[in-house]
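Asks: The structure is given below, and queries will be raised subsequently.
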Amino acid sequence: MTSSNALIVAGLLAWLPAMALQPSRTPVVVRVTEQNANGTASGSGAANTTAAAADGSGDGTSSMLVLGIGDAVSVQVYGKPELDTTTYVSDDGTIPVPLAGNVAVLGQSPARAGHSVAAAFQKGGFLVDPQVTVFLVQFRSQQVSVLGAVHAPGRFVVESKTSLLDVLAQAGGIADNGADTVVLLRPDKTGKLKRYPIDLAGLSQEGTALPSLSLRGGDSIFVPLAAQFYISGEVKSPDKYRLEPGMTVAQAISRGGGITPRGSSRKVEIRRSKPDGSYQLLDSGMGDPVQANDVIRIKERLF
(Lines give C-alpha, C1' and ligand atoms only; values in the text may rest on other atoms or scores of the structure.)
Protein backbone atom coordinates (compact mmCIF):
# COMPACT_ATOMS: atom_id res chain seq x y z
CA MET A 1 0.00 0.00 0.00
CA THR A 2 1.36 3.43 -0.95
CA SER A 3 1.65 6.22 1.60
CA SER A 4 -1.14 8.21 -0.10
CA ASN A 5 -3.52 5.24 0.00
CA ALA A 6 -2.69 4.63 3.65
CA LEU A 7 -3.60 8.22 4.48
CA ILE A 8 -6.97 7.84 2.69
CA VAL A 9 -7.79 4.61 4.54
CA ALA A 10 -6.83 6.18 7.88
CA GLY A 11 -9.08 9.11 7.16
CA LEU A 12 -12.05 6.85 6.36
CA LEU A 13 -11.56 4.84 9.57
CA ALA A 14 -11.62 8.04 11.57
CA TRP A 15 -14.72 9.37 9.73
CA LEU A 16 -16.98 6.27 9.98
CA PRO A 17 -17.39 6.14 13.82
CA ALA A 18 -18.23 9.80 13.87
CA MET A 19 -20.99 9.26 11.29
CA ALA A 20 -22.37 6.32 13.27
CA LEU A 21 -22.86 8.60 16.28
CA GLN A 22 -24.86 11.17 14.30
CA PRO A 23 -28.64 11.04 15.04
CA SER A 24 -30.98 10.05 12.22
CA ARG A 25 -32.50 13.02 10.39
CA THR A 26 -35.52 11.03 9.22
CA PRO A 27 -38.56 12.08 11.29
CA VAL A 28 -40.92 9.39 12.55
CA VAL A 29 -44.34 10.98 12.79
CA VAL A 30 -46.82 8.12 12.64
CA ARG A 31 -46.22 4.42 12.22
CA VAL A 32 -49.25 2.90 10.56
CA THR A 33 -49.68 -0.63 9.34
CA GLU A 34 -52.60 -2.37 7.76
CA GLN A 35 -53.97 -5.74 8.61
CA ASN A 36 -56.46 -7.68 6.64
CA ALA A 37 -59.33 -9.57 8.15
CA ASN A 38 -57.40 -12.80 8.59
CA GLY A 39 -54.86 -11.09 10.85
CA THR A 40 -51.97 -10.78 8.41
CA ALA A 41 -50.30 -7.39 8.54
CA SER A 42 -49.35 -5.77 5.27
CA GLY A 43 -48.07 -2.56 3.83
CA SER A 44 -49.99 -0.01 1.85
CA GLY A 45 -49.01 -1.42 -1.54
CA ALA A 46 -50.40 -4.04 -3.86
CA ALA A 47 -51.30 -6.41 -1.04
CA ASN A 48 -54.10 -4.02 -0.04
CA THR A 49 -55.79 -3.83 -3.42
CA THR A 50 -58.34 -6.17 -4.90
CA ALA A 51 -58.65 -7.38 -8.45
CA ALA A 52 -60.38 -4.69 -10.48
CA ALA A 53 -60.80 -6.03 -13.99
CA ALA A 54 -63.28 -8.87 -14.32
CA ASP A 55 -62.85 -11.67 -16.83
CA GLY A 56 -59.86 -9.94 -18.41
CA SER A 57 -61.87 -6.91 -19.44
CA GLY A 58 -58.96 -4.59 -18.78
CA ASP A 59 -61.09 -1.65 -17.77
CA GLY A 60 -58.23 -0.43 -15.58
CA THR A 61 -60.29 0.15 -12.48
CA SER A 62 -59.03 -0.87 -9.05
CA SER A 63 -60.44 -0.92 -5.58
CA MET A 64 -58.36 -0.03 -2.51
CA LEU A 65 -59.64 -1.57 0.67
CA VAL A 66 -61.53 1.21 2.39
CA LEU A 67 -63.58 1.38 5.55
CA GLY A 68 -67.34 1.43 5.38
CA ILE A 69 -70.24 1.67 7.79
CA GLY A 70 -70.35 -1.36 10.07
CA ASP A 71 -66.74 -2.44 9.58
CA ALA A 72 -64.98 -3.60 12.75
CA VAL A 73 -61.61 -1.95 13.44
CA SER A 74 -59.01 -2.15 16.16
CA VAL A 75 -57.07 1.01 17.04
CA GLN A 76 -53.83 0.58 18.95
CA VAL A 77 -51.60 3.35 20.26
CA TYR A 78 -48.00 2.36 20.91
CA GLY A 79 -47.06 2.72 24.56
CA LYS A 80 -50.61 3.70 25.55
CA PRO A 81 -52.60 0.46 25.99
CA GLU A 82 -55.29 2.35 27.88
CA LEU A 83 -56.13 4.12 24.60
CA ASP A 84 -56.49 0.91 22.58
CA THR A 85 -60.02 0.21 21.39
CA THR A 86 -61.99 -2.12 19.14
CA THR A 87 -65.06 -0.55 17.65
CA TYR A 88 -67.24 -0.20 14.56
CA VAL A 89 -67.58 2.48 11.94
CA SER A 90 -70.82 4.24 12.88
CA ASP A 91 -73.56 5.46 10.56
CA ASP A 92 -71.99 8.92 10.38
CA GLY A 93 -68.67 7.44 9.19
CA THR A 94 -66.74 7.97 12.42
CA ILE A 95 -65.16 5.74 15.05
CA PRO A 96 -65.09 6.65 18.77
CA VAL A 97 -61.53 6.99 20.04
CA PRO A 98 -60.67 7.51 23.72
CA LEU A 99 -59.74 11.16 24.42
CA ALA A 100 -59.81 12.09 20.72
CA GLY A 101 -63.59 11.61 20.37
CA ASN A 102 -65.23 10.70 17.08
CA VAL A 103 -62.77 10.52 14.19
CA ALA A 104 -63.99 10.43 10.57
CA VAL A 105 -62.68 7.37 8.73
CA LEU A 106 -65.41 6.54 6.19
CA GLY A 107 -63.92 5.80 2.77
CA GLN A 108 -60.36 5.75 4.10
CA SER A 109 -57.94 2.87 3.97
CA PRO A 110 -56.83 1.51 7.37
CA ALA A 111 -53.51 3.31 6.85
CA ARG A 112 -55.21 6.65 6.20
CA ALA A 113 -57.53 6.04 9.16
CA GLY A 114 -54.46 5.57 11.36
CA HIS A 115 -53.16 8.96 10.24
CA SER A 116 -56.55 10.51 10.99
CA VAL A 117 -56.56 9.11 14.51
CA ALA A 118 -53.00 10.24 15.13
CA ALA A 119 -53.85 13.73 13.86
CA ALA A 120 -56.82 13.87 16.24
CA PHE A 121 -54.57 13.01 19.19
CA GLN A 122 -52.09 15.70 18.18
CA LYS A 123 -54.74 18.32 17.47
CA GLY A 124 -56.33 17.80 20.87
CA GLY A 125 -52.97 18.05 22.59
CA PHE A 126 -53.28 14.60 24.12
CA LEU A 127 -50.15 13.08 22.54
CA VAL A 128 -47.08 14.72 21.04
CA ASP A 129 -45.86 12.00 18.71
CA PRO A 130 -48.52 9.24 18.57
CA GLN A 131 -47.70 5.97 16.89
CA VAL A 132 -51.02 4.53 15.76
CA THR A 133 -51.75 1.14 14.29
CA VAL A 134 -55.13 0.40 12.72
CA PHE A 135 -56.25 -3.16 12.10
CA LEU A 136 -59.23 -4.04 9.97
CA VAL A 137 -60.84 -6.77 12.07
CA GLN A 138 -63.90 -7.59 9.98
CA PHE A 139 -65.53 -6.37 6.81
CA ARG A 140 -69.22 -5.71 7.19
CA SER A 141 -69.72 -2.98 4.63
CA GLN A 142 -68.18 -4.98 1.79
CA GLN A 143 -70.94 -7.33 0.67
CA VAL A 144 -71.93 -9.09 -2.52
CA SER A 145 -75.29 -10.49 -3.58
CA VAL A 146 -75.71 -14.03 -4.87
CA LEU A 147 -78.94 -14.68 -6.75
CA GLY A 148 -80.44 -17.31 -9.00
CA ALA A 149 -79.98 -21.07 -8.97
CA VAL A 150 -78.04 -21.50 -5.72
CA HIS A 151 -79.09 -23.33 -2.57
CA ALA A 152 -78.95 -20.29 -0.26
CA PRO A 153 -79.17 -16.96 -2.13
CA GLY A 154 -78.45 -13.82 -0.13
CA ARG A 155 -75.86 -11.18 0.74
CA PHE A 156 -72.42 -12.21 1.94
CA VAL A 157 -69.46 -10.34 3.40
CA VAL A 158 -66.30 -10.36 1.30
CA GLU A 159 -62.74 -9.79 2.41
CA SER A 160 -59.72 -8.65 0.47
CA LYS A 161 -59.17 -11.92 -1.39
CA THR A 162 -62.60 -13.53 -1.40
CA SER A 163 -62.99 -15.30 -4.73
CA LEU A 164 -66.03 -16.15 -6.78
CA LEU A 165 -65.81 -19.78 -5.68
CA ASP A 166 -65.66 -18.71 -2.03
CA VAL A 167 -68.92 -16.77 -2.31
CA LEU A 168 -70.68 -19.55 -4.22
CA ALA A 169 -69.65 -21.91 -1.43
CA GLN A 170 -71.16 -19.55 1.15
CA ALA A 171 -74.36 -19.60 -0.88
CA GLY A 172 -74.50 -23.38 -0.57
CA GLY A 173 -73.20 -24.07 -4.05
CA ILE A 174 -74.93 -24.08 -7.41
CA ALA A 175 -78.23 -25.95 -7.48
CA ASP A 176 -78.76 -28.98 -9.69
CA ASN A 177 -80.64 -26.87 -12.22
CA GLY A 178 -78.01 -24.13 -12.25
CA ALA A 179 -75.95 -23.27 -15.31
CA ASP A 180 -72.20 -23.72 -15.59
CA THR A 181 -71.77 -20.11 -16.71
CA VAL A 182 -72.49 -17.51 -14.04
CA VAL A 183 -72.74 -13.77 -14.53
CA LEU A 184 -70.85 -11.16 -12.52
CA LEU A 185 -72.55 -7.76 -12.37
CA ARG A 186 -70.10 -5.00 -11.44
CA PRO A 187 -70.59 -1.22 -11.59
CA ASP A 188 -67.97 0.73 -13.53
CA LYS A 189 -66.63 4.20 -12.72
CA THR A 190 -69.84 5.81 -13.97
CA GLY A 191 -72.06 3.50 -11.92
CA LYS A 192 -73.27 1.56 -14.94
CA LEU A 193 -73.53 -2.18 -14.38
CA LYS A 194 -71.38 -4.34 -16.62
CA ARG A 195 -71.95 -8.04 -17.22
CA TYR A 196 -69.06 -10.50 -17.11
CA PRO A 197 -69.89 -14.15 -17.93
CA ILE A 198 -67.64 -16.59 -16.08
CA ASP A 199 -67.49 -20.20 -17.24
CA LEU A 200 -67.20 -22.72 -14.41
CA ALA A 201 -67.38 -25.77 -16.66
CA GLY A 202 -64.47 -28.15 -16.36
CA LEU A 203 -63.67 -27.49 -12.70
CA SER A 204 -63.42 -31.23 -12.12
CA GLN A 205 -61.05 -31.72 -15.03
CA GLU A 206 -57.36 -31.84 -14.23
CA GLY A 207 -55.36 -29.06 -15.83
CA THR A 208 -58.34 -26.74 -16.24
CA ALA A 209 -57.65 -23.20 -15.07
CA LEU A 210 -59.81 -22.21 -12.11
CA PRO A 211 -61.44 -18.77 -11.95
CA SER A 212 -59.52 -16.73 -9.34
CA LEU A 213 -61.37 -13.45 -9.66
CA SER A 214 -61.45 -11.48 -6.41
CA LEU A 215 -64.79 -9.92 -5.57
CA ARG A 216 -65.43 -6.53 -4.00
CA GLY A 217 -68.31 -4.80 -2.28
CA GLY A 218 -71.19 -4.00 -4.58
CA ASP A 219 -70.68 -6.98 -6.88
CA SER A 220 -73.62 -9.24 -7.71
CA ILE A 221 -73.43 -12.85 -8.83
CA PHE A 222 -76.31 -14.30 -10.82
CA VAL A 223 -76.52 -18.03 -11.50
CA PRO A 224 -79.01 -18.60 -14.34
CA LEU A 225 -80.97 -21.78 -14.84
CA ALA A 226 -79.30 -24.36 -17.00
CA ALA A 227 -80.75 -25.12 -20.42
CA GLN A 228 -83.38 -27.85 -20.23
CA PHE A 229 -85.22 -30.25 -22.49
CA TYR A 230 -88.45 -32.17 -22.04
CA ILE A 231 -89.18 -35.79 -22.82
CA SER A 232 -92.60 -37.37 -22.94
CA GLY A 233 -94.47 -40.31 -24.38
CA GLU A 234 -93.27 -43.88 -24.10
CA VAL A 235 -90.34 -43.38 -21.73
CA LYS A 236 -90.07 -44.69 -18.20
CA SER A 237 -89.54 -41.29 -16.52
CA PRO A 238 -91.05 -38.48 -18.57
CA ASP A 239 -89.97 -35.12 -17.17
CA LYS A 240 -87.75 -32.12 -17.82
CA TYR A 241 -83.99 -32.59 -17.57
CA ARG A 242 -80.80 -30.59 -17.68
CA LEU A 243 -79.34 -30.28 -21.16
CA GLU A 244 -75.68 -31.23 -21.29
CA PRO A 245 -73.36 -29.91 -24.01
CA GLY A 246 -73.45 -32.08 -27.12
CA MET A 247 -76.31 -34.23 -25.86
CA THR A 248 -77.95 -36.48 -28.46
CA VAL A 249 -81.48 -37.85 -28.62
CA ALA A 250 -80.23 -41.28 -27.50
CA GLN A 251 -78.61 -39.74 -24.43
CA ALA A 252 -81.77 -37.74 -23.69
CA ILE A 253 -83.88 -40.90 -23.84
CA SER A 254 -81.43 -42.64 -21.51
CA ARG A 255 -81.78 -39.73 -19.07
CA GLY A 256 -85.52 -40.37 -19.13
CA GLY A 257 -85.06 -43.99 -18.10
CA GLY A 258 -85.20 -45.50 -21.58
CA ILE A 259 -88.04 -46.46 -23.89
CA THR A 260 -90.92 -48.54 -22.55
CA PRO A 261 -91.84 -51.86 -24.21
CA ARG A 262 -94.66 -50.05 -26.00
CA GLY A 263 -92.40 -47.36 -27.46
CA SER A 264 -90.36 -47.34 -30.65
CA SER A 265 -86.90 -45.87 -31.18
CA ARG A 266 -87.88 -45.27 -34.81
CA LYS A 267 -90.80 -43.05 -33.90
CA VAL A 268 -89.20 -40.09 -32.16
CA GLU A 269 -90.59 -36.61 -32.69
CA ILE A 270 -89.07 -33.30 -31.55
CA ARG A 271 -91.09 -30.19 -31.03
CA ARG A 272 -88.64 -27.30 -31.38
CA SER A 273 -89.32 -23.64 -30.70
CA LYS A 274 -88.51 -21.02 -33.34
CA PRO A 275 -87.28 -17.45 -32.68
CA ASP A 276 -90.68 -15.98 -33.59
CA GLY A 277 -92.41 -18.03 -30.88
CA SER A 278 -93.84 -20.67 -33.16
CA TYR A 279 -92.59 -24.24 -33.26
CA GLN A 280 -91.83 -26.98 -35.75
CA LEU A 281 -92.19 -30.77 -35.58
CA LEU A 282 -89.16 -32.81 -36.59
CA ASP A 283 -88.70 -36.52 -37.11
CA SER A 284 -85.54 -37.39 -35.22
CA GLY A 285 -82.93 -40.10 -35.17
CA MET A 286 -81.00 -41.37 -32.14
CA GLY A 287 -77.85 -39.43 -33.07
CA ASP A 288 -79.47 -36.04 -33.66
CA PRO A 289 -78.45 -33.22 -31.28
CA VAL A 290 -80.85 -31.90 -28.68
CA GLN A 291 -81.37 -28.15 -28.29
CA ALA A 292 -82.55 -26.09 -25.35
CA ASN A 293 -86.31 -26.33 -24.70
CA ASP A 294 -86.78 -29.22 -27.12
CA VAL A 295 -89.77 -31.44 -26.36
CA ILE A 296 -88.92 -35.03 -27.29
CA ARG A 297 -91.86 -37.39 -27.70
CA ILE A 298 -91.51 -41.15 -28.04
CA LYS A 299 -94.46 -42.62 -29.92
CA GLU A 300 -95.98 -46.08 -29.59
CA ARG A 301 -94.92 -48.84 -31.91
CA LEU A 302 -97.53 -50.08 -34.36
CA PHE A 303 -97.25 -53.76 -33.49
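The values are calculated or read from the model by the stated rules, or taken from the named source; none is laboratory data. Keep in mind that what you see is a predicted model, and the values were worked out from it rather than measured. Using ideal geometry, Cβ is built from the backbone for each residue, glycine included, and neighbour counts are taken over all protein chains shown. These area figures cover heavy atoms from the full protein model, side chains too; ligands, DNA and RNA do not enter into them. Shrake-Rupley method; radii C 1.70, N 1.55, O 1.52, S 1.80 Å.
Asks: How much space per residue, in cubic angstrom, does the convex hull of the C-alpha atoms of the stretch 162-296 take up?
Replies: 141
Asks: So what are the ³J(HN,Hα) numbers for the stretch 115-132, from phi and the Karplus equation (6.51, -1.76, 1.60; θ = phi - 60°), rounded to whole Hz, Gly and Pro as x?
Replies: Result, rounded to whole Hz: 5, 5, 5, 4, 5, 5, 4, 5, 4, x, x, 7, 9, 7, 9, x, 10, 10.
Asks: Using 1/(1 + (r/R0)^6) with R0 = 51 angstrom and r between the beta carbons of F126 and Q228, what's the FRET efficiency to the nearest 0.05?
Replies: Result of the calculation: an efficiency of 0.15.
Asks: Counting only protein heavy atoms, what percent of the accessible surface of the stretch 79-204 is carbon or sulfur at a 1.4 Å probe?
Replies: 51
Asks: List residues of the stretch 172-190, by number, whose backbone nitrogen lies under 15 Å from a label position 7 Å along Cα→C-beta of S145.
Replies: Counting backbone N atoms under 15 Å from the label point, the list is 183-188.
Asks: So how far apart, in nm, are the two label points at R262 and S90 if each is 7 Å from Cα heading toward Cβ?
Replies: Computed distance between label sites R262 and S90 equals 7.5 nm.
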